[in-house]
Amino acid sequence: MPTPSLRQLNWIAFQSILVKEITRFTRIWAQTLLPPAITMTLYFVIFGKLIGSQIGDMGGHNYMAYIVPGIIMMSVIQNAYANVVSSFFSAKFQRFVEELLVSPVSNNTILLGYLGGGVTRGVLVGLIVSLISLFFIRIPIAHPWLVFLVVVLTSTLFSLGGFINAVYAKKFDDISIVPTFILTPLTYLGGVFYSISLLPEFWRGLALANPILYMVNAFRYGFLGVSDIDVGVAIGMILGFIAVLYAVSLHLLKRGIGLRS
Amino acid sequence: MQALRIRQLAKTYGNGVEALKGIDLDVEEGDFFALLGPNGAGKSTTIGIIASLVNKSAGSVQVFGHDLVEDLALAKTCLGLVPQEFNFSVFETPLQIVVNQAGFYGMPRREALVRAEEVLNTLSLWDKRNVQSRTLSGGMKRRLMIARALMHRPRLLILDEPTAGVDIEVRRSMWEFLRGLNAQGTTIILTTHYLEEAESLCRNIAIIDKGLIVENTSMKALLATLDRETFVLDVRHLNGLPEILDGFPLRRVDEHTLEVEISRERNLNQLFGLLSERGVEVMSMRNKANRLEELFLSLTEKKSAA
C-alpha cells in the first residue's frame with residue numbers, strides 16, 4: 001500500500017467511521033428508524049387531529065401545521081443524540097473503540113465520523129417524519145434551505161451532546177439519564193406544541209433560557225415563516241453551542257477521559 | 001534499526017499503583033521477542049502505552065524511530081496490536097471489521113476488500129466473512145483479531161496472549177503462521193503465559209516483574225544459565241532405589257514414577273548407567289517443567305525474595 005498522507009488517511013478514515021455508523025443504525029432499523037415513525041404518527045393523530053381540531057389556530061396557523069415542524073425537530077433531536085450516545089458507549093463497552101485509539105486517525109476525524117453518523121440519522125428520521133406528516137397536512141415550506149440548515153445544525157449539536165454523555169457514561173443506565181431527565185422536558189417545554197406567547201410573562205422569560213426553543217422556532221420559521229424569536233439569534237445560538245460542545249468533546253478525546261487509563 | 005526503543009518508561013495509575021518503574025527496552029527490527037512476566041507485572045501496561053491505550057507517567061517510546069509524543073500518527077502506522085481480550089463489535093461481520101480497520105489506516109475501500117480476502121483466507125476465515133462475529137468460535141475470534149491487526153501490513157506486530165484459551169491444534173497452527181510472518185520481515189513482540197510458546201518462537205526475551213525488567217537477553221543465553229533440570233522418569237520397577245544415587249537426588253512419586261534433579265555438571269548417560277546397574281528399566285522420560293518455566297520462576301522468585 002503506498003503510504004497515504006495524513007490528510008488522505010484521515011479522509012478515508014472519516015468515510016470508514018461514517019460507513020460503519022450508517023451500517024450500524026440501518027442494520028438495527030427496527031430500533032432506530034421505526035420507533036420515531038410510529039411515535040410521531042401517534043403525536044400527529046392525537047395532538048394534531050383529535051385534540052388539535054378543538055384548539056383552533058396557533059401563531060396564525062392551523063394547529064396541525066403549527067406542531068408539524070416542532071414534532072419533526074423533536075424526532076431529529078432525540079435521534080441524533082441517541083445515535084451517538086449509544087454507538088460510542090457501545091464502542092467503549094465492547095472495547096472496539098480501541099480500534100480507533102490504536103490507529104493513526106486524528107481525534108478530529110473520530111469526532112467528525114461519529115457526528116456524521118448522528119447527523120445522518122437525525123436527517124433521515126426528520127425526513128421520515130416529514131413524509132408521514134404529509135398524510136395529515138400539506139404545509140408549504142417558506143425557506144427550504146433554512147429548514148435543511150437548522151436540521152443539520154441541530155443534529156450536530158445533539159450528536160455532540162450524545163458524544164459527551166457517552167464519554168462520561170460508565171454503564172448503560174448513564175446513557176438514558178440525560179435524554180429522560182433533561183432532553184425530553186426541555187423538548188416538551190421548547191415550544192413544540194404551543195407558542196410561548198401563551199405563557200405568563202415570568203414563564204415566557206424562563207422559556208427563553210431553553211436552547212431547544214430557539215431550534216424549534218428557527219425550524220418552524222423555515223416552514224411557516226413565523227417564529228417566537230429572531231431567527232438570526234437562533235442560528236447564532238446553535239452555532240455558539242456547537243462551538244463550545246465541539247471544543248469540550250475534542251478536549252475529552254485528547255485527554256482520553258473515559259477511554260485511556 | 002530498532003523497531004521499539006523504550007527509555008525510563010514509568011506509569012503510576014490514579015489509585016497510586018506503580019505499574020512501571022522506569023523500564024528500558026530495545027527490540028531490533030526483524031526480531032521475534034518475548035515479553036514475559038507474572039500477572040500484574042506490567043506487561044499489559046507496557047503494551048497499552050506503546051499502543052496509545054494507556055497514558056504514560058514518564059519516559060519515552062519510539063516505534064521505528066517515531067516518537068509517540070512528537071510523531072504519534074507515524075508511529076501508529078507502523079504498529080499492529082492483537083490485544084488479550086476480544087475488542088471488536090460482535091454484531092459486525094469479520095469482513096466489515098477488517099475492511100473498516102484498513103480504512104482507519106488510510107487504505108481505500110477497494111484495496112481493503114482485496115487485502116481482506118488475502119488476510120482472511122490466510123487465517124482460514126474467508127468462509128466466515130459474512131457471519132456475525134459473535135457466532136465465531138474462540139479460536140476464530142483470536143484469528144480475526146490477528147487478521148484485523150495485519151490489514152495495514154504493520155512492521156511491528158504486538159500480540160498480547162494470542163493463544164490464550166485456544167486448543168492445541170489452533171495454537172500450533174498460529175505458531176506456524178507467526179513464524180512465517182516473522183520470516184517475511186515483520187517484527188513480533190509476544191506476551192504469553194505458555195512459556196513453551198515463547199521458547200519455541202522467540203529469539204530474544206525480557207522478563208518483567210513488579211514494574212521492572214529483571215532479565216533482558218537472548219533466549220539461548222537465558223536457557224544456557226539454567227544450571228539444573230528436573231526430569232520425570234516412568235520406570236517398570238523401582239527395585240528399592242536409595243534417596244540419593246551416587247549424587248543424583250531421587251524422589252519416588254509412586255511405584256512407577258521417579259523424579260530426578262540433574263545439575264549441569266552431570267549427564268543423563270551417567271544416570272541411565274547407574275539405573276541399569278540396579279536393574280531399573282526406564283520406559284519414558286520428560287522434563288518436569290518447561291526449561292523456560294524453571295528459569296522464569298527462579299528469576300521472579302529471586303526478585304520477590306530480595
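The calculated FRET efficiency for the pair A:ARG138 and A:TRP29, based on their C-beta separation and a Förster distance of 25 Å, comes to about 0.40. Using a probe of 1.4 Å on the protein chains alone, the accessible area found for B:GLU281 is around 100 Å². Taking amide H positions as modeled 1.01 Å from N, with prolines and chain starts lacking one, no residue 5 or more places away or on another chain lies under 5 Å from B:ARG153. Under 5 Å from the amide H of B:VAL54 lie the amide H atoms of B:ILE49, each residue being 5 or more positions distant or on a separate chain, with H modelled from the backbone and absent for Pro and chain starts. Once the other residues with Cβ under 11 Å from the Cβ of A:TYR63 are scored (Lys, Arg +1; Asp, Glu -1), what is the net sum? Value of the local net charge: 0. Here the contact order of region B:83-176, divided by its residue count and restricted to Cα pairs under 8 Å and six or more residues apart, works out to 38 percent. Helix A:6-27 and the long axis of chain A differ in direction by around 50°, with both axes built from C-alpha atoms. Charge dipole of region B:2-224 (Cα centre as origin; +1 on each Lys and Arg Cβ, -1 on each Asp and Glu Cβ, all else neutral): 480 debye, rounded to the nearest 20. Rounded to the nearest 20, the Cβ-based charge dipole of region A:6-255 about its Cα centre (Lys and Arg +1, Asp and Glu -1) stands at 600 debye.
The label-point distance for A:ILE22 and B:PHE91, in a model that sets each label 7 Å from Cα toward Cβ, rounds to 1.8 nm. Computed per residue of chain B from DSSP H runs no shorter than four, each worth -39500 (n - 2.57), the mean residue ellipticity at 222 nm is -10500 deg cm²/dmol.
Counted by Cβ distance under 14 Å from B:ARG203, the other residues give a net charge of -4, where Lys and Arg count +1 and Asp and Glu count -1.
Compute the FRET efficiency between A:LYS49 and B:GLU117 as 1/(1 + (r/R0)^6), taking r as their Cβ-Cβ distance and R0 = 60 Å, and round to the nearest 0.05. In this case the efficiency is close to 0.65. Averaged over the residues of B:91-104, the number of partner chain Cβ atoms lying within 10 Å of the residue Cβ comes to 5. Whole-Hz Karplus values for region B:137-153 come out as 6, x, x, 5, 4, 4, 5, 5, 5, 5, 4, 4, 5, 8, 3, 9, 6 Hz, taken residue by residue from phi with 6.51 cos²θ - 1.76 cosθ + 1.60 and θ = phi - 60°; glycine and proline positions read x.
Compute the helix-to-body angle for A:63-93: its Cα long axis versus the longest principal axis of chain A, expressed 0 to 90° and rounded to tens. Its long axis makes an angle of about 20 degrees.
Using only the C-alpha atoms, the convex hull of region A:160-214 corresponds to 81 Å³ per residue. Mean per-residue shielding of peptide A:91-102 is 6, counting Cβ atoms of other chains within 10 Å of each Cβ. Solvent-accessible surface of chain A, averaged per residue with a 1.4 angstrom probe and all protein chains in place: 44 square angstrom. To the nearest ten degrees, helix B:109-122 and the longest principal axis of the Cα atoms of chain B are 20 degrees apart. Counting only protein heavy atoms and a probe of 1.4 Å, the accessible surface of the protein assembly as shown is 58% carbon and sulfur. In order along region A:211-227, phi translates into HN-Hα couplings of x, 5, 4, 5, 5, 4, 6, 5, 5, 5, 4, x, 7, 9, x, 10, 8 Hz, rounded to whole numbers, per the Karplus curve 6.51 cos²θ - 1.76 cosθ + 1.60 with θ = phi - 60° and x for Gly and Pro.
Between the amide H of B:ASN216 and those of B:ILE207, distances stay under 5 Å, these residues lying 5 or more places away or on another chain, with hydrogens modeled in the peptide plane. Rg and Dmax of region B:123-274, based on Cα coordinates, read 21.7, 66 Å. One way to sum up the overall shape of chain A is the equivalent ellipsoid from its Cα gyration tensor, whose semi-axes run 35, 19, 17 Å, largest first.
Between A:TYR188 and B:ASP227, the modelled label-to-label distance comes to 8.0 nm, taking each label 7 Å out from Cα in the direction of the beta carbon.
What pairs in A:LYS254/B:LYS56; A:LYS171/B:LYS76; B:LYS56/B:LYS76; A:LYS254/B:LYS76 have C-alpha atoms more than 19 Å from each other? Beyond 19 Å: A:LYS171/B:LYS76. Charged side chains reduced to their Cβ positions (Lys and Arg at +1, Asp and Glu at -1) give the protein assembly as shown a dipole of some 1500 debye around its Cα centre. When the inverse distances between all different Cα atoms of region A:136-176 are averaged and flipped, the Kirkwood radius reads 12.6 angstrom. In the full protein context, region B:1-129 carries 39 Å² of accessible surface per residue, based on a 1.4 Å probe and ignoring ligands, DNA and RNA.
Computed over every Cα-Cα pair of chain B and binned at 10 Å starting from 0, the pair-distance distribution P(r) comes out as 6, 23, 27, 21, 13, 8, 2, 0 percent. Based on alpha-carbon atoms, the Kirkwood radius and the radius of gyration of the protein assembly as shown give Rg/Rh equal to 1.15. Contact order, relative form, for chain A: 25 percent (alpha carbon pairs under 8 Å, 6 or more residues apart, mean separation divided by residue count).
A:VAL167 sits among other residues whose Cβ lies under 11 Å from its own Cβ, and their net charge, with Lys and Arg +1 and Asp and Glu -1, is +2. Note on region B:228-305: dipole from Cβ charges, positive end direction compared against B:GLY273, B:VAL253, B:LEU297; the farthest Cα belongs to B:LEU297. When A and B come together, around 2800 square angstrom of accessible surface is lost from both chains combined, probe 1.4 Å. Of the GluC sites (Glu not before Pro) found in region B:1-59, those that fall in a DSSP loop while having at most 16 other beta-carbon atoms within 10 Å are B:GLU29. Karplus-derived 3J(HN,Hα) values for region B:21-30, using 6.51 cos²θ - 1.76 cosθ + 1.60 with θ = phi - 60°, are 10, x, 9, 10, 7, 10, 10, 6, 4, x Hz; glycine and proline are entered as x.
The values are calculated or read from the model by the stated rules, or taken from the named source; none is laboratory data. Just so it is clear, the model here is predicted, and its values are computed rather than measured. Positions of Cβ are backbone-derived with ideal geometry, glycine not excepted, and every protein chain shown enters the neighbour counts. Quick note on the areas: whole protein, heavy atoms, side chains included, nothing else; ligands and nucleic acids left out. Shrake-Rupley method; radii C 1.70, N 1.55, O 1.52, S 1.80 Å.
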